[in-house]
1. Any idea which residue in segment 243-254 is farthest from the chain's Cα centre (by Cα), counting only those that are of a type in the set (Gly, Ala, Ser) and part of a loop (DSSP other than H, G, I, E, B)?
2. Do any residues in segment 114-130 that are closer than 14 Å to ASP173 by Cβ and in contact (Cβ under 8 Å) with a residue 40 or more places away in the chain have Cβ atoms under 7 Å from those of residues that are among the acidic types (Asp, Glu) and part of a helix (DSSP H, G or I), where the two are at least six apart or on different chains, and which pairs are they?
3. Counting only residues that are over 27 Å from the mean Cα position of the chain (by Cα) and of a type in the set (S, T, N, Q), which one in segment 51-65 is modelled with the lowest pLDDT?
4. State which residue is nearest to the chain's Cα centre (by Cα) when the search covers only segment 285-301 and only residues that are aliphatic (A, V, I, L, M) and surrounded by fewer than 20 Cβ atoms within 10 Å (Cβ to Cβ).
5. Can you name the residue in segment 152-176 that is in contact (Cβ under 8 Å) with a residue 24 or more places away in the chain and not in a helix (DSSP H, G or I) and is also surrounded by the most Cβ atoms within 10 Å (Cβ to Cβ) among such residues?
6. If you take the residues in segment 255-311 that are polar (S, T, N, Q) and assigned to a loop (DSSP other than H, G, I, E, B), which one is farthest from TYR139 (Cα to Cα)?
7. Within the set of pairs 6 or more residues apart or between chains, which connect a residue that is within 9 Å of ALA277 (Cα to Cα) inside segment 291-309 to a residue that is surrounded by fewer than 19 Cβ atoms within 10 Å (Cβ to Cβ) with Cβ atoms less than 6 Å apart?
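The values are calculated or read from the model by the stated rules, or taken from the named source; none is laboratory data. All values reported here derive from a predicted model rather than from experimental measurement. Cβ placement follows ideal geometry from the backbone for every residue including glycine, while neighbour counts extend to all protein chains displayed.
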Amino acid sequence: MTDVNRTPGFASASFKQEELFPIREVSRLTGVNPVTLRAWERRYGLIEPTRTDSGHRLYSQVDIETVRSILAWIDRGVSVSKVGKILARTDAAKAVVVPRDTDAASTEWDEWQEQLRRAVSAFDEPALARLYGHVFSTYPLAVVFEQIMLPLWQALLVRQDEFGQTSEWLFFDSFLRGRVLARLQSGQVASGRKVLLVAMPGHCHELELLVAGLLIAGQDTVIQVLALGQPLLELPLVCEKVEPQALVLFSNHAPDQTLHRDMLRLAQGLECPVALAGEAAELAAESLAGTAIGSLGSEAVLMRRRLQQFLDGHLDT
């Protein structure tokens, strides 16, 4: 681990107060070998380490978090060649969601995450609850989850091989699921257009599904989230009894031919229209064009707007 204040010969003085890490330390922290780290930089441009005057790579904490994000997407079945597009879209979303200086906003989000991380590390639920309330009173719903809560949740998830991290992730995951479920239930309108939200089997965690339900809910939309593990073959029976205006499938895994086939087969057996949401919707947008399946995307504002268009029959499929 290298502190730039103690390292001579840096190309830029702008990094003087930032702690930087050599490639061997990044490899130890993330489990990604140096050859792969260099390939992600040269071939795909996924990370951009700082260089010393002698050409040695040094990585910031942001670079390390990026490496962990890459690993998380690869674990979900996304090819490394497509990860860059997802990361770029996430950065762009930050600038759109908050109409002010993005760097300043990101710094604030990082500070909230650090406070939340300390509460999680101490297993201090009262402190975590207070911070959760403060964050909600400060930012819009989309920012709370897309820029603060879920990134921290994901960071803990990908570190589960480190001692103690599984316990911390379970603690944070349980806390968030309880809060999100309560908010989802209390925020529902008394009547409106009913939408069923169901996860593709094995394609997401329960928290991701619940947050999606919270984010896509509109003023005249009732979102009913079906339990994780809902069999696709039984959805026609469920839809026949519930009579929803639409069925939204949710997936955060890379789409494949099986997903495409299952969705089309399901749509053919239902009376209501079917749409796809989550990262799979972004990655499968082109292949879904012209089919009976609507693509809602994965970002809160976009999903909510497209769902309303879909329900109104104005979303191109």
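1. Of the residues in segment 243-254, the ones of a type in the set (Gly, Ala, Ser) are 246, 251, 254.
Still in the list and also part of a loop (DSSP other than H, G, I, E, B): 251, 254.
Details: SER251: 11, ALA254: 13 Å.
Among them, the one singled out is ALA254.
2. Pairs that qualify, where the first residue is closer than 14 Å to ASP173 by Cβ and in contact (Cβ under 8 Å) with a residue 40 or more places away in the chain and the partner is among the acidic types (Asp, Glu) and part of a helix (DSSP H, G or I), are VAL120/GLU168.
3. That would be SER54.
4. VAL301
5. VAL158
6. Let us first name the residues in segment 255-311 that are polar (S, T, N, Q), namely 257-258, 268, 287, 291, 295, 298, 308-309.
Now narrow it down to the ones that are assigned to a loop (DSSP other than H, G, I, E, B): 291, 298.
Working: THR291: 37, SER298: 19 Å.
My answer is THR291.
7. GLY294/LEU315; GLY294/THR317; SER295/ALA285
Every residue, every condition in (1) at pLDDT 80 or above; (2) outside the structural domain of ASP161 (by TED's automatic domain parsing); (3) touching a strand residue (DSSP E or B) at 6+ places or on another chain (Cβ under 8 Å); (4) not hydroxyl-bearing (Ser, Thr, Tyr), yes or no:
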{"residue": "GLU48", "(1), (2), (3), (4)": "yes, yes, no, yes"}
{"residue": "GLY77", "(1), (2), (3), (4)": "no, yes, no, yes"}
{"residue": "LEU87", "(1), (2), (3), (4)": "no, no, no, yes"}
{"residue": "ALA93", "(1), (2), (3), (4)": "no, no, no, yes"}
{"residue": "ASP101", "(1), (2), (3), (4)": "no, no, no, yes"}
{"residue": "GLU108", "(1), (2), (3), (4)": "yes, no, no, yes"}
{"residue": "TRP112", "(1), (2), (3), (4)": "yes, no, no, yes"}
{"residue": "LEU131", "(1), (2), (3), (4)": "yes, no, no, yes"}
